[in-house]
Amino acid sequence: MEKENKFIVIIILVILIIVFGFYYLSGQKPVENTNIVDNLNQDIVPNQENPVVQEDETIAWNVLNDSKTWFEVKYPSDFFDKWHEPKVLVWECNYEWFPKICPNIDTIVSDLPGNTSTGKVVINQVDYCLQQYQDAAMWHTYSYSYYTTVVDNKCDVVSIVTSQTNCDFYLPLEDWNTEQKDNYDKCIIKNENQPKTLDKILSTFKFIK
């Protein structure tokens, strides 16, 4: 009988030891590997020794190099409509007061209407006179922009023509027509992103001579 009692006591003690050991170990915090944490932080947090390099998306863009004016501009291949890619027009003119007085480019752009808006802009430290007007046709709005500067007594005019689709063309949306909804969403996104992309295009204006 005494042997059985001793055996039961031993079993209870073993169980208590196991339970106590389990709770003790579960309460311990794992030791941090500070080297790993430091390495991860170096990869995430930019600093002078490990700077973050941003990819230049304009590397893959089309490049217009005008041999007459040594002017360059870059643009995405799918941004402009066909036949509306950027152009550089050159005309004889002598405006000693440019850019205080913007040159008249009616002789260069013959279809320029009289209701154009004119202003002055600076792009990459070069002064330009900007003339703009809009036209609409076939659910599209066309914006014509002419950036004019004077180099060697000649007018260099950079022609930029953008178009936006009137997304109402896809309305009203039909619940069953997923293709219609997809085209409408793409139209909205394209129109919203156009000004941002155009600003990037303008930022590539430069004379390479």
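The values are calculated or read from the model by the stated rules, or taken from the named source; none is laboratory data. Given the structure is predicted, the values throughout are model-derived calculations rather than measurements. Positions of Cβ are backbone-derived with ideal geometry, glycine not excepted, and every protein chain shown enters the neighbour counts.
Residue pairs whose Cβ atoms lie under 6 Å apart, separated by 6 or more positions or on different chains, with the first residue in the stretch 68-91 and over 20 Å from Pro103 (Cβ atoms) and at pLDDT 95 or above and the second among the β-branched types (Val, Ile, Thr) and part of a strand (DSSP E or B), are Lys74/Val63. Looking at the stretch 166-209, which of the residues that are exposed (fewer than 15 other Cβ atoms within 10 Å of the Cβ) and of a type in the set (Phe, Trp, Tyr) is farthest from the chain's Cα centre (by Cα)? For the stretch 166-209, the residue satisfying everything is Trp176.
Summed over the stretch 122-144, the residues that are of a type in the set (S, T, N, Q) and crowded, with 18+ Cβ neighbours inside 10 Å give a count of 1. Of everything listed in (1) more than 26 Å from the chain's Cα centre (by Cα); (2) not in a loop (DSSP other than H, G, I, E, B), the single unmet condition for Thr107 is (2). Scanning the stretch 130-155 for residues that are under 16 Å from Phe71 (Cα atoms), under 26 Å from the mean Cα position of the chain (by Cα) and hydrophobic (A, V, I, L, M, F, W, C) turns up nothing.
Scanning the stretch 81-103 for residues that are closer than 17 Å to Ser143 by Cβ, part of a loop (DSSP other than H, G, I, E, B) and touching a strand residue (DSSP E or B) at 6+ places or on another chain (Cβ under 7 Å) turns up Asp81, His84, Pro86.
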